[in-house]
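Scroll down for the structure; my scribbles are underneath it.
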Amino acid sequence: MTGVSAQRILLVIGGGIAAYKALELIRRLRERSYVVRAVMTAAARHFVTPLSVTSLTGTKVYDDLFAVSDEATMGHIELSRDADLLVVAPATADLLAKMARGHADDLASTLLLATDKKILVAPAMNVRMWLASPTQRNVATLREDGVLFVGPEDGDMACGEHGPGRMSEPAAILGAIEAALRGETRIPLPQHLAPGRRLAGRRVVVTSGPTHEPIDPVRYIGNRSSGKQGHAIALAAAEAGAEVVLVSGPVALQDPAGVSTIRVETAQEMLAAVEAALPADAFVSVAAVADWRPAAPAPEKLKKGRGTAPALTLVETPDILAKVAARPSGRPALVVGFAAETENLLDHARSKLARKGCDMIIANDVGAAGSVMGLDANEVTLLTPGSAETWPRMSKSEVAHRLVERLADMLDRLDHER
Ligand SMILES: Cc1cc2nc3c(=O)[nH]c(=O)nc-3n(C[C@H](O)[C@H](O)[C@H](O)COP(=O)(O)O)c2cc1C
């Protein structure tokens, strides 16, 4: 047991899907001998029952600002002052807004305003709610007021979207509680909130997903690219403050929040959309563009049963990466490509770097042993004309955030050299 015995946590449970995780948090706190009092907002009662909460805390659940009996036993001011730390989990967009503006129209918001103790919040909401300007303004205000944050994390959300907004896991919140009780005020920021939106004022064009090259109106040549890595890079660049245009082939993903997404089918359409989106400071070509397309797609569905299979004549598709890198005017300062290879990864990637005239190639092994297509993790090597750097296996989202940091470094360096 590492928790400090008999320290008191006042837990405010807001009305979000993640409220169920507050139960696990209470269980973990109690295991470590913390005294936990819980306050539920009216909305929270739609997600978890006061009975579950009280069973875990072993004390009454508080939810009514005007309960005379509560005021007689433990008044609302005393309730907040009696605690060593106030924790809001899940912290809804609504609660963050109320806290930032000093509202006190229910027990939870009144306690949060009346306290002289540290407050730690664990935000939980849909990615668009989290990235919305009002929420980000409220978060900035609360940080300035000294409120501590744990999360939110990147990930798949209950609403089917992907991105930052998911509440940190109870174990991480517990870690942050213990850090806050030790007086630490530097609970690490999630990377997407790192200070200095390093791509602010920059324009970035990203391609993602496969292309589909029609054989006839119902069949096509395609590949297994899911678009997860490209979409994660577009989102990370937008979170770093860039104006982002994402040109995406056919994928089963939501358009990332805060990004202008243009959907295309074929390599030719992708090239046209990329050219229309330029000029830009950086072009990141993540899409797995088909190398060949049928020379003459059939206007009607090809029929079977004629004795022989139809012969497909293929022609090369435009090389989008090479064309952008070779633009005589309006070439982005940084042109970055991805090389998905199944053999001799680094040799092929290095020759691609030279052949295509780009500034960096990110090589990933998509062969059987290191398969990444469609998965959430990736293992990449960054190649520039003078360097090679292999990153350990990590989530595609983390690759994206790290890569965005790297792009920001490279663009800053280019600015200084000018
Ligand atoms: C099914 C459902 C799920 C919701 N999930 C969230 C959520 O995860 N985060 C959030 O900020 N709001 C969420 N909301 C909206 C809040 O419940 C609503 O803003 C409420 O007023 C919040 O009240 P509170 O902050 O006082 O608890 C959800 C609403 C519904 C109907």
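The values are calculated or read from the model by the stated rules, or taken from the named source; none is laboratory data. Being a predicted model, the structure only gives us computed values, none of them experimental. FYI the Cβ positions are ideal-geometry reconstructions off the backbone, even for glycines, and counts take in every protein chain you see.
Side notes on the structure shown:
- Extreme residue, nearest to PRO134 (Cα to Cα), among residues of region 77-112 that are of a type in the set (Asp, Glu) and away from the ligand (no atom under 15 Å from the Cβ): ASP84
Yes/no per residue for (1) within 16 Å of the ligand (Cβ to nearest atom); (2) aliphatic (A, V, I, L, M):
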position	(1), (2)
TYR20	yes, no
VAL36	no, yes
ALA44	yes, yes
TYR62	yes, no
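- Flag if ASP64 is at negative phi, outside any helix (DSSP H, G or I), at pLDDT below 95 and of a type in the set (D, E, K, R): yes
- Here SER69 fulfils each of the conditions (1) modelled with pLDDT of 80 or more; (2) outside any loop (DSSP other than H, G, I, E, B); (3) among the small types (Gly, Ala, Ser) apart from (1).
- Any hit, region 181-194, residues being more than 16 Å from the ligand (Cβ to nearest atom), crowded, with 19+ Cβ neighbours inside 10 Å and at pLDDT 85 or above: no
- Considering each residue of region 145-153 in turn, none proves to be within 16 Å of the ligand (Cβ to nearest atom) and in contact (Cβ under 8 Å) with a residue 60 or more places away in the chain.
- Residues within region 30-55 that are more than 18 Å from ALA108 (Cβ to Cβ) and buried (at least 19 other Cβ atoms within 10 Å of the Cβ), tallied: 1
- Total residues in region 87-106 satisfying the condition of being assigned to a helix (DSSP H, G or I) and more than 20 Å from TYR20 (Cα to Cα): the figure is 5.
- Cβ-Cβ contacts under 7 Å between residues 6 or more apart (or on different chains), taken from a first residue in region 281-304 that is over 30 Å from ALA242 (Cβ atoms) and surrounded by 14 or more Cβ atoms within 10 Å (Cβ to Cβ) to a second residue that is among the acidic types (Asp, Glu) and at pLDDT 95 or above, are listed as TRP292/GLU316; ARG293/GLU213; PRO294/GLU213; PRO297/ASP216; ALA298/ASP216; LEU302/ASP216.
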